[in-house]
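The values are calculated or read from the model by the stated rules, or taken from the named source; none is laboratory data. Only a predicted model underlies this, so the values are computations on that prediction, with no experimental measurement involved. Here Cβ is always computed from backbone atoms with ideal geometry, including for glycine, and neighbour counts include all displayed protein chains. Only protein heavy atoms, including side chains, enter the accessible area calculation; ligands, DNA and RNA are left aside. Shrake-Rupley method; radii C 1.70, N 1.55, O 1.52, S 1.80 Å.
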There are 4 protein chains.
Amino acid sequence: MTASSSTKLRVTVWNEFRHERHSEEVQKHYPEGIHKTIAGFLGEAGLEVRTATLDEPEHGLTQEVLDSTDVLTWWGHMAHGDVSDEIVERVYKRVLDGMGLIVLHSGHFSKIFRKLMGTTCDLKWRESGDRERLWVVAPGHPITEGLGDYFEIEEEEMYGEHFDIPTPETLVFISWFTGGEVFRSGACYTRGRGKIFYFRPGHETLPTYHNKDVQRVIVNGVHWAAPTPGQPRVFGNTPALEGSK
Amino acid sequence: MTASSSTKLRVTVWNEFRHERHSEEVQKHYPEGIHKTIAGFLGEAGLEVRTATLDEPEHGLTQEVLDSTDVLTWWGHMAHGDVSDEIVERVYKRVLDGMGLIVLHSGHFSKIFRKLMGTTCDLKWRESGDRERLWVVAPGHPITEGLGDYFEIEEEEMYGEHFDIPTPETLVFISWFTGGEVFRSGACYTRGRGKIFYFRPGHETLPTYHNKDVQRVIVNGVHWAAPTPGQPRVFGNTPALEGSK
Amino acid sequence: MTASSSTKLRVTVWNEFRHERHSEEVQKHYPEGIHKTIAGFLGEAGLEVRTATLDEPEHGLTQEVLDSTDVLTWWGHMAHGDVSDEIVERVYKRVLDGMGLIVLHSGHFSKIFRKLMGTTCDLKWRESGDRERLWVVAPGHPITEGLGDYFEIEEEEMYGEHFDIPTPETLVFISWFTGGEVFRSGACYTRGRGKIFYFRPGHETLPTYHNKDVQRVIVNGVHWAAPTPGQPRVFGNTPALEGSK
Amino acid sequence: MTASSSTKLRVTVWNEFRHERHSEEVQKHYPEGIHKTIAGFLGEAGLEVRTATLDEPEHGLTQEVLDSTDVLTWWGHMAHGDVSDEIVERVYKRVLDGMGLIVLHSGHFSKIFRKLMGTTCDLKWRESGDRERLWVVAPGHPITEGLGDYFEIEEEEMYGEHFDIPTPETLVFISWFTGGEVFRSGACYTRGRGKIFYFRPGHETLPTYHNKDVQRVIVNGVHWAAPTPGQPRVFGNTPALEGSK
């Protein structure tokens, strides 16, 4: 009877991996792809990490890979439409069955996130060198471990409200941008037995994933989203309690 | 500058209308169809009501009908799969744009509800003469207007937890059943600008929609789900506040 | 069986009314007191309005006044400690019994708000001419009726996160301030049968309550916070359902 | 940069410890007091545990004890009024600063719980041998680790809705009782940096705290409520971002 686990959490870092192969600006920050940078700091934090990308067979997300994944992180942007509906359905079922999901930045428009949210996940945006300040509005939440009142990213793409998502179960961060906008930048949900964390920062032409606070939040997010051991849910026709009537 | 409206709310009552045409047991309680019974008490409550059913062209839900609907109520059971994806998409867009939606009983498995929730909406069930007590857990909520602590339905189909829905934004009712189960029977959500109310009772072989408390809750639900006048939401590329940088 | 009411909502506008009697800067904007300005636009919106202030007997909040109040608005700042605990308890009981409460600006530190929240309600602040932009994050909520994406106040006192409140049941507005802060500026709660709306703007040395959007939000808030007719709640020792065991 | 801790969580088990000294019926189940039973199974689960009771100096809750407590559990019933306001204030501040709090059964009426909730925390009750079934409505939540769909307590005191609490941030369990009632039996809150879990079962004349599922939930609750390391919150007058205006 213990609520902690001694085995390592198994994380799969998924990346669209298209920008990095065509843009020198992106390669400058992520020469091996965004996934390799994310996998790097997750591994240093003691997690068991592998990667998967869009152009691998089955997008690298075979049933076997998903079945041995505790938490999946998702970065996509220009090719959401190239993700097959079959794989989306597979990921969806695993989330409902308990796999954690961390959706990053432009992943807001991914098929899997929109399917889980039930909304368009649309927003305002601007690429023009805004400074971003992420304010903690849920101090004490595990995802804020080690943070102060806020942290800053010197330059980021702006995302602004209204963000068309369901009301977060827990709103962890609100971003301030130089140009006049705010954004619900850290949002927690559960769907079925699975925990979902949307985290805003991460524009591909900027070094955001090298920022230590951003890395800390993603590591914390993975720990928060870890599956809770328990029995599968039971649905369907069910008998009455004996002697109840 | 007023927050109340003098014009009548326009309600469209949608019904699958299949059981009623094939089952004498159902006809006994709803000789003209469940939609006619629901439309009847909504009309008596001063609402402007029309009906639509699955086997009409476009399921009775043309763009014109939806555009002139403030709140849509939905009952379906045996033919969820016969509802076309195109119509579901049309209803979905209207909900996000502000149309209220009241999902009744077995409508939990409808395409539109599952799409808006992002979950399977599965549950436990039993047809065996349970008594149902619906306890108010959000007294003061407009949907509970005129109710006491609880109300009862002498006989109903049992629906039991776990109900695979996202955490309700407001949980209004919890049902108790004779046979040992509980159920989150009144659940409020918003998606986009639209308000959604799921209300559990309403088995087709029982006279549930003739129950005065059930009628009262549905009338209250329609008023609660009425659209809020306001400007459409704005998304996309957006300039910075002048002089902000 | 109707969910709308034809009688006028009865609003009591409570004001500390101290700054206005000692500061020319405040008198410039509110020559008769902040309460008279608020009462003015509420009356124009068709509400039945009276006022009450700290230095009246029983702070103007006799049991009779409260019993005939549907919604109470509260502005205080420099004299929270002068409000008697007995009157706070009286207001508290009326809120739990269904009276709406609109807490304005520096009312965040009032005894009644802190008692209802269960937290310190502390925050960051700065008086230095920030511009404030209030972004709507709950479009479709009745309190946003008639608003667009956001509205602006050219100059306001800054309030910044972390705001020590419980997670709002509905977060309606998030403010952006020039100087780098964000704030949860419109927050809805229920306590017992009563609805509570905290609304941030309203510094005494600025003409905020003459702003048409601010007025609109307060009018909408009063309508939203109106009591729901229903029976009193029942507590205590209770018998089992007959024949249940 | 890690989100897990290798040091043991430090739990203080607080008990009123009055019933046990005067009632043979209570002594039968808890010969050394309810606190000793609770401390026993928490210790077996690998937690560092000590106890404190009402009639010790400062109720056993000195500043030093609280400062070295990660999670406090609270059982009280007949003597809530004997708990000094000064100690309640001390516990309150520690909760806002991050200490976890597990409130058990009749602790719903404790000063500390009512202060943190902002409501009366009143409810219905009956002592007459009801069976209780606790249904999991938040599968995947850490507090449900190791549980199935529901668990049962053969005999318990009934607590029934309406339970006068704020809407839980997460509702984990709903209880069914033989006699016709339901109850929100597992409810999570945050106040400041502190996490609070209310858990219903635990009548003093019944062997509830010897039930393995009840024990499991309390152990899980302690882990969930553990403080999150981070910096203290900052309030008050604050300068603008440099160069922001």
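Using the structure shown, decide if D:Leu147 is of a type outside the set (D, E, K, R), more than 9 Å from chain A (Cβ to nearest Cβ) and touching a residue at least 60 places away in the same chain (Cβ under 8 Å).
In short, no.
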- Could we say that A:Leu206 is out of contact with any Phe, Trp or Tyr (no Cβ under 8 Å at 6 or more places or on another chain), closer than 24 Å to D:Glu242 by Cβ, open to solvent by less than 30 Å² (accessible area, probe 1.4 Å) and away from chain B (no Cβ under 11 Å) here? yes
- Message: Can you pull out every residue in the range B:133-161 that is more than 17 Å from the chain's Cα centre (by Cα) and under 21 Å from B:Gly76 (Cα atoms)?
- Response: B:Ile153, B:Glu155, B:Glu156, B:Glu157, B:Met158, B:Gly160, B:Glu161
- Query: Cβ-Cβ below 8 Å, separation at least six or inter-chain, first residue in the range C:223-245 and outside any loop (DSSP other than H, G, I, E, B), second surrounded by fewer than 17 Cβ atoms within 10 Å (Cβ to Cβ): which pairs?
  - Reply: C:His223/B:Ser4
- B:Glu152: open to solvent by 10 Å² or more (accessible area, probe 1.4 Å), more than 10 Å from chain A (Cβ to nearest Cβ) and within 26 Å of C:Leu96 (Cα to Cα), yes or no? yes
- Going through (1) closer than 30 Å to C:Arg90 by Cα; (2) more than 14 Å from chain A (Cβ to nearest Cβ); (3) among the hydrophobic types (A, V, I, L, M, F, W, C) one by one, D:Val95 fails only at (2)
- Note on the structure: Per the list (1) within 25 Å of C:Ile165 (Cα to Cα); (2) in contact with a helix residue (DSSP H, G or I) (Cβ under 8 Å, 6 or more places away or on another chain), residue check on D:Met78 breaks on (1)
- Message: Going residue by residue through the range C:19-36, is there one that turns out to be open to solvent by 30 Å² or more (accessible area, probe 1.4 Å), at pLDDT 95 or above and either hydroxyl-bearing (Ser, Thr, Tyr) or touching a Gly at 6+ places or on another chain (Cβ under 6 Å) (or both)?
- Response: no
- (1) open to solvent by less than 50 Å² (accessible area, probe 1.4 Å); (2) within 11 Å of chain B (Cβ to nearest Cβ); (3) at pLDDT 95 or above all hold for A:Asn237 apart from (1)
- Those residues of the range C:14-40 which are of a type in the set (Gly, Ala, Ser) and in a helix (DSSP H, G or I) amount to C:Ala39, C:Gly40
- Among the residues of the range C:192-245, how many are among the charged types (D, E, K, R) and more than 24 Å from C:His77 (Cβ to Cβ)? 4
- Task: Those residues that are more than 20 Å from C:Glu132 (Cβ to Cβ), in a loop (DSSP other than H, G, I, E, B) and in contact with an Asp or Glu (Cβ under 9 Å, 6 or more places away or on another chain), I need them from the range A:164-195; list them, please.
- Result: A:Asp164, A:Pro166, A:Thr167, A:Glu169, A:Gly192, A:Arg193
- Contacts under 8 angstrom Cβ, first residue in the range A:185-196 being within 16 Å of A:Thr228 (Cα to Cα), partner open to solvent by 10 Å² or more (accessible area, probe 1.4 Å) and hydroxyl-bearing (Ser, Thr, Tyr), 6 or more apart: A:Cys188/A:Thr170; A:Thr190/B:Thr167; A:Gly192/B:Thr120; A:Arg193/A:Thr228; A:Ile196/A:Thr190
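When you look at B:Gly194, is it touching a Gly at 6+ places or on another chain (Cβ under 9 Å) and either aliphatic (A, V, I, L, M) or under 27 Å from C:Leu241 (Cβ atoms) (or both), yes or no?
no
Go through the range D:41-63 and give me each residue that's part of a loop (DSSP other than H, G, I, E, B) and either of a type in the set (D, E, K, R) or touching a Lys or Arg at 6+ places or on another chain (Cβ under 8 Å) (or both).
Result: D:Gly46, D:Leu47, D:Leu54, D:Asp55, D:Glu56, D:Leu61.
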- Report, by residue number, each residue of the range B:162-192 that is charged (D, E, K, R) and either under 16 Å from the mean Cα position of the chain (by Cα) or surrounded by fewer than 24 Cβ atoms within 10 Å (Cβ to Cβ) (or both). B:Asp164, B:Glu169, B:Arg184, B:Arg191
- Query: Any chance the range D:211-220 includes a residue that's in contact with a Leu (Cβ under 7 Å, 6 or more places away or on another chain), within 29 Å of A:Asp213 (Cβ to Cβ), β-branched (Val, Ile, Thr) and crowded, with 21+ Cβ neighbours inside 10 Å?
  - Reply: no
- Task: Taking the residues in the range B:46-63 that are within 29 Å of B:Gly230 (Cα to Cα) and touching a His at 6+ places or on another chain (Cβ under 7 Å) as candidates, determine which candidate is least open to solvent (accessible area, probe 1.4 Å).
- Result: B:Ala52
- Query: Any chance the range A:174-181 includes a residue that's free of Cβ contacts under 8 Å to residues at least 24 places away in the same chain and within 13 Å of chain B (Cβ to nearest Cβ)?
  - Reply: yes
- Message: So, in the range B:64-104, exactly how many residues are closer than 19 Å to B:Thr228 by Cβ, in a loop (DSSP other than H, G, I, E, B) and either modelled with pLDDT under 95 or open to solvent by 40 Å² or more (accessible area, probe 1.4 Å) (or both)?
- Response: 1
- Message: So, in the range C:109-137, exactly how many residues are buried (at least 22 other Cβ atoms within 10 Å of the Cβ), facing chain D (nearest Cβ under 9 Å) and either among the aliphatic types (A, V, I, L, M) or at positive phi (or both)?
- Response: 4
